1. Please name all residue pairs, on different chains or six or more residues apart, with Cβ atoms under 7 Å, provided the first residue is in the stretch 16-35 and is in the same structural domain as GLN65 (by TED's automatic domain parsing) and modelled with pLDDT under 95 and the second residue is among the β-branched types (Val, Ile, Thr) and part of a loop (DSSP other than H, G, I, E, B).
2. If you go through the stretch 82-94 one residue at a time, how many are over 14 Å from GLU60 (Cα atoms) and either more than 18 Å from the chain's Cα centre (by Cα) or not in a helix (DSSP H, G or I) (or both)?
3. Filter the stretch 48-60 for residues that are in contact with a helix residue (DSSP H, G or I) (Cβ under 8 Å, 6 or more places away or on another chain) and assigned to a helix (DSSP H, G or I) and give the result.
4. Can you name every residue in the stretch 50-77 that is surrounded by 13 or more Cβ atoms within 10 Å (Cβ to Cβ), over 37 Å from the mean Cα position of the chain (by Cα) and closer than 20 Å to PRO29 by Cα?
5. Looking at ALA89, is it surrounded by 11 or more Cβ atoms within 10 Å (Cβ to Cβ) and small (Gly, Ala, Ser)?
6. Filter the stretch 234-262 down to residues that are crowded, with 16+ Cβ neighbours inside 10 Å, free of Cβ contacts under 8 Å to residues at least 60 places away in the same chain and in contact with a Phe, Trp or Tyr (Cβ under 9 Å, 6 or more places away or on another chain), then give me how many there are.
7. Select, from ALA154, ALA109, ALA89, the only residue that is small (Gly, Ala, Ser), free of Cβ contacts under 8 Å to residues at least 40 places away in the same chain and within 20 Å of GLU258 (Cα to Cα).
8. Taking LEU97, is it farther than 21 Å from GLU56 by Cβ, assigned to a helix (DSSP H, G or I) and under 18 Å from the mean Cα position of the chain (by Cα)?
Amino acid sequence: MYTIGQVAKFLGVSRDTLKFYEEKELVKPKQNIENGYRKYNRFDIYDIATVNFYREMDIEIKKIQEIRKSKSVEGIKLLLEEKEQEVLAEIEYKKLLLKKLQIVKEDCAKIKQFLGEYTIKEMEPLEIKGEIGHFNAFDEYEALKVNTDSLKKAVNLTSLRRVIRFNDQGVLEDKFIIVRKVEDYHRAIEREIVSHQKCLYTVIEDGRWSTGGKNIDDNVEASLRKAAIVNGYELLGLVYINLLLTTYEDGLERVFLEMYAPIK
């Protein structure tokens, strides 16, 4: 017979884990009524090792309890196939999560490289999935949930593009479109595609930390026009604005946006 400390050492598990297994009736060591000490025999140790075998494959305790009650080889096979599908789904999710992390890391690098700078860049193809009236048109957010693939199935604003049409007299149209990058979806495209091979590109800072919450559209438009004139580019009267990153300084938000302004 062995003590709980000896068994914990033999099998590389904690005392709390052994007590948990006991609570779930996966192991039933004898207990001294006088001092409460548990004593484990070789069958108990084998039971614990068997539980560890299934736990190593991340089989839930409830499923292991079912196995202990009665489970044929075919039943075990079906259980493992079910777990296999869960793992495959998790792997697919992790792949998407990794890609998302890499994209946001790239966005951080864009901020460092292009903040306040202007360059020529292609705007990659986007599939237009829908529109909302404004980013704070909260009652229209259902369109965001339906037309985007958020990993957590919750609304975020990274799939929105603000589209501004303008001429020398001012803004002609200001709307928000819901988009997906075409390169991310290996399937037939269902809706309109928008892309521009040659754009004046920059990253700007918005948010309460840098602007006090004031509208900076006029300043941005003036800077964009100035950059186009200085570099000899002719704007097409169109700007696409994309949210890259939001962070905080002194409790106030800092918002970084990238802008694509198509040129001739």
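The values are calculated or read from the model by the stated rules, or taken from the named source; none is laboratory data. The structure displayed is predicted, hence computed values, not measured ones. Neighbour counts are summed over all protein chains in view; Cβ atoms, including those assigned to glycine, are modelled from backbone coordinates with ideal geometry.
1. If the second residue must be among the β-branched types (Val, Ile, Thr) and part of a loop (DSSP other than H, G, I, E, B), the pairs left are TYR21/VAL27.
2. So the first thing to find is which residues in the stretch 82-94 are over 14 Å from GLU60 (Cα atoms), and the list is 85, 88-94.
Narrowing further to those that are either more than 18 Å from the chain's Cα centre (by Cα) or not in a helix (DSSP H, G or I) (or both): 85.
Residues meeting the conditions: 1.
3. The answer is ILE48, ALA49, VAL51, ASN52, TYR54, ARG55.
4. Within the stretch 50-77, just ARG68 meets the criteria.
5. Values: surrounded by 11 or more Cβ atoms within 10 Å (Cβ to Cβ): no; small (Gly, Ala, Ser): yes.
No, not satisfied.
6. Residues flagged as crowded, with 16+ Cβ neighbours inside 10 Å, free of Cβ contacts under 8 Å to residues at least 60 places away in the same chain and in contact with a Phe, Trp or Tyr (Cβ under 9 Å, 6 or more places away or on another chain) within the stretch 234-262 amount to 4.
7. Values: ALA154 fails: within 20 Å of GLU258 (Cα to Cα); ALA89 fails: within 20 Å of GLU258 (Cα to Cα).
Of ALA154, ALA109, ALA89, the one residue that is small (Gly, Ala, Ser), free of Cβ contacts under 8 Å to residues at least 40 places away in the same chain and within 20 Å of GLU258 (Cα to Cα) is ALA109.
8. Considered against the rule, which asks whether it is farther than 21 Å from GLU56 by Cβ, assigned to a helix (DSSP H, G or I) and under 18 Å from the mean Cα position of the chain (by Cα), LEU97 comes out as yes.
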